Amino acid sequence: MNNSVGNTGRVLWAGLRALIVLTVVCGVLYPLAVTGIAQLAFPGKANGSEIKDDGKVVGSALIGQRYDLPLKEGQETAAPDLRWFQPRPSNGLGTNSVNTQFALLLSGATNRSADNAELIGWVKEAKAAVVKDNSTADYRVEPSQVPAEAVTSSGSGLDPHISPAYAELQVHRVAERNHLTVAQVDKLVADHTDDRILGFIGEPRVNVLQLNIALKDLVAKG
């Protein structure tokens, strides 16, 4: 009986020691080591790819944001603030004016099929809005110019990028609304267009948040 109790005690003590050692190694030392290496090697990515403006964190390079006008009384859907470059359509993006904050509501794509009548209606409405919003007194947007991502959300609904084609489509409207020349805004888009990763992965893209921060700075300089 005493031997049985002694053996049980030794097994429990061994198990407790293993628990303590593994907790310290896996729960304390390993996370600290990984966190330390990440902070030293790539602090920006480790901290969420934060983007700052005037010293304040205004968003992440990995998450898209909307640029809408404040809701008016009785208004259910905010209208886009046409001074800014607009992102892909999505119900998942938080609403902001000059991106001084951001809020995520949900993430996900529509589960409707490509031939769904409601989805087709949404796309047609979005396309008409893109044509109307981006046409100016001296520049007319043709429906054939509207790229797919201007009227459809991404798989996550939080895509921070648009194509250079969609950014270029918005140049005349942004220039007119901000009293800038088309050449100035064109250069802004070119300067903020990222090439394919390693030259062959993905497609050229424009981060809307970074582009709008640069736009805000350009407008401030007059």
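The values are calculated or read from the model by the stated rules, or taken from the named source; none is laboratory data. Keep in mind it's a predicted model, so treat the numbers as computed, not measured. Cβ sites come from the backbone with ideal geometry, for glycine too, and all protein chains shown count toward neighbours. Keep in mind that these areas ignore ligands, DNA and RNA; they rest on the heavy atoms of the full protein, side chains included. Shrake-Rupley method; radii C 1.70, N 1.55, O 1.52, S 1.80 Å.
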Among the residues of the range 4-11, are any loosely packed, with under 10 Cβ neighbours inside 10 Å, at pLDDT below 85 and part of a loop (DSSP other than H, G, I, E, B)? no
Among the residues of the range 194-203, are any under 24 Å from TRP122 (Cα atoms), of a type in the set (Val, Ile, Thr), modelled with pLDDT under 95 and open to solvent by 20 Å² or more (accessible area, probe 1.4 Å)? no
The range 136-152 - residue that is closer than 19 Å to LEU211 by Cβ and touching a residue at least 60 places away in the same chain (Cβ under 8 Å) and, of those, most open to solvent (accessible area, probe 1.4 Å): GLU149
Go through the range 143-181 and give me each residue that's under 16 Å from the mean Cα position of the chain (by Cα) and of a type in the set (Asp, Glu). GLU149, ASP159
Restricted to the range 161-178 and to residues being touching a residue at least 24 places away in the same chain (Cβ under 8 Å) and open to solvent by 20 Å² or more (accessible area, probe 1.4 Å), the residue farthest from LEU62 (Cα to Cα) is GLU176
Pull out all pairs, ordered by first then second residue, where Cβ-Cβ is under 7 Å, the residues are six or more apart or on different chains, the first lies in the range 55-76 and is over 18 Å from LYS216 (Cβ atoms), and the second is open to solvent by less than 80 Å² (accessible area, probe 1.4 Å). LEU62/SER49; LEU62/PRO160; ILE63/LEU158; ILE63/PRO160; LEU71/ALA78
Looking at the range 30-60, which of the residues that are among the hydrophobic types (A, V, I, L, M, F, W, C) and either in contact with a Pro (Cβ under 7 Å, 6 or more places away or on another chain) or open to solvent by 100 Å² or more (accessible area, probe 1.4 Å) (or both) is farthest from VAL208 (Cα to Cα)? LEU32
